[in-house]
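The block underneath contains the structure these notes are about, expressed in structure tokens.
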Amino acid sequence: MAKPRIKHYLINEKTDDPGIVIEIESLGEYILFDVGNIRRLDRHLLRKITKVFITHTHMDHFIGFDHLLRNKLGKPHTVDIFGISPVADNLFCKLQGYTWNLVEYEPQLVFNLKQWNDGRFEYYSFDIKKKFAKDFIGEERAENDIIYEDQNYRVRFAVLDHKINVLGYSFEYKEKLYLKKEKIKELPLKGKEIGDFKRFLEDKDNKGKYFQIGGKEFSYEYLKDQFSYTVPGYKISYITDVIYSEENKKRIIQLVKNSDVLYCEAVFLPEDKDQASKVFHLTADQTGEIAKDANVKKVVVFHFSRRYGKKSYKIIDEVRKIFPEAY
């Protein structure tokens, strides 16, 4: 079956600021994971960004927010931002670093923030018409690991250790069921009936049940096989700035398991594991072990330490010793 048309890539070279872009043109969705140095991204793309998922607010993951802000001014925009406390404070301080005395002439620009904070989701709004005041909207208990979901995709998260709490993310484009147009014409169904039929097939809980068509009953399994096809989902995970520990490894594997693509940092070579541990980052072999144990299809490594210079290619070689599908 055909895979969904999803474009994804690293923002920078492997030794530069971390971050990835996911583009789903058919949905008008353009998503950033981390917003470090993003000056390599086309300004037309930046204006299309609808969502930003931030792992944490160390400078190399957050300094590019000002550039994003600059490219959002001048047209009406609403941007949804997701992250972990204290990103609300960090975002407010960035926005208050400028003077907003002419905002009555500016098109409306709003940043909506959903922040994980000690088991709860907190919601804030920053509106240019209010000079980007930090408006607290409300809070709720985080009942699961889903930080965003709509009819097309969801984004899951895990809280990980980088000597501070950071978030790892998995983007999951949902499996889609489509009706075979020519076959459907054979059925005596019209309008709303076709919608009811499709919803019956979409609900996997209907396995073993029957659907009535033209006074006759047909099994879920038969109807699904004969009158529909499924486009499989697609999973992209993003992990950066974490120490190799049993707890971190367990949480990462649970989050990224069976990913089609895992973007994962591999900062140091194995011989520098003491330095990696000291600064709470992964070595190449540790990244390879995570990819292997999580049964991902492919791993894209990045965030290489600049200490290796032109020899940074050795990092990929080390990952491939454990997990061959590394790039």
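A few notes on this one:
- Among the residues of the range 267-306, those identified as of a type in the set (A, V, I, L, M, F, W, C), touching a residue at least 24 places away in the same chain (Cβ under 8 Å) and more than 26 Å from GLY233 (Cβ to Cβ) are VAL267, PHE268, LEU269, ALA276, PHE280, LEU282, ALA284, PHE304.
- Residue match in the range 150-164 (condition: surrounded by 16 or more Cβ atoms within 10 Å (Cβ to Cβ), of a type in the set (Val, Ile, Thr) and touching a His at 6+ places or on another chain (Cβ under 7 Å)): no
- Reported count of residues in the range 72-97, each being free of Cβ contacts under 8 Å to residues at least 40 places away in the same chain, part of a strand (DSSP E or B) and surrounded by 15 or more Cβ atoms within 10 Å (Cβ to Cβ), is 3.
- Identity of the residue in the range 308-323, free of Cβ contacts under 8 Å to residues at least 12 places away in the same chain and open to solvent by 90 Å² or more (accessible area, probe 1.4 Å), that ends up nearest to ASP260 (Cα to Cα): TYR313
- Qualifying residue in the range 53-68 (condition: assigned to a strand (DSSP E or B) and within 23 Å of SER170 (Cβ to Cβ)): yes
- Residue match in the range 173-194 (condition: within 30 Å of ILE236 (Cα to Cα) and in contact (Cβ under 8 Å) with a residue 60 or more places away in the chain): yes
- Flag for LYS129 being of a type outside the set (Gly, Ala, Ser), touching a residue at least 12 places away in the same chain (Cβ under 8 Å), under 30 Å from SER245 (Cα atoms) and open to solvent by 20 Å² or more (accessible area, probe 1.4 Å): no
- Extreme residue, modelled with the lowest pLDDT, among residues of the range 165-182 that are surrounded by 13 or more Cβ atoms within 10 Å (Cβ to Cβ) and not in a strand (DSSP E or B): GLU175
- GLN275 being at pLDDT 95 or above and loosely packed, with under 15 Cβ neighbours inside 10 Å: no
- Filter pass, GLU104 being open to solvent by 80 Å² or more (accessible area, probe 1.4 Å), at pLDDT below 95 and either out of contact with any strand residue (DSSP E or B) (no Cβ under 8 Å at 6 or more places or on another chain) or not aliphatic (A, V, I, L, M) (or both): yes
- Against the conditions (1) over 30 Å from THR230 (Cβ atoms); (2) touching a Ser or Thr at 6+ places or on another chain (Cβ under 9 Å), TYR105 satisfies every one except (2).
- Of all residues in the range 210-230, those that are assigned to a loop (DSSP other than H, G, I, E, B) have Cβ atoms under 8 Å from Cβ atoms of residues that are open to solvent by 60 Å² or more (accessible area, probe 1.4 Å) and not basic (Lys, Arg), 6 or more apart or on another chain, in GLY214/PRO188.
- Hey, GLU139 more than 22 Å from ASP66 (Cβ to Cβ), among the charged types (D, E, K, R) and without any contact (Cβ under 8 Å) to a residue 24 or more places away in the chain or not: yes
- Residue that is nearest to ARG5 (Cα to Cα) [pool: residues in the range 245-272 that are assigned to a helix (DSSP H, G or I) and open to solvent by less than 80 Å² (accessible area, probe 1.4 Å)]: VAL256
The values are calculated or read from the model by the stated rules, or taken from the named source; none is laboratory data. None of these values were measured; they are calculated from a predicted model. Here the Cβ is made from the backbone with ideal geometry for all residues, glycine too, and neighbour counts use every protein chain on show. Accessible surface is based on the protein model in full, side chains and every heavy atom, while ligands, DNA and RNA are left aside. Shrake-Rupley method; radii C 1.70, N 1.55, O 1.52, S 1.80 Å.
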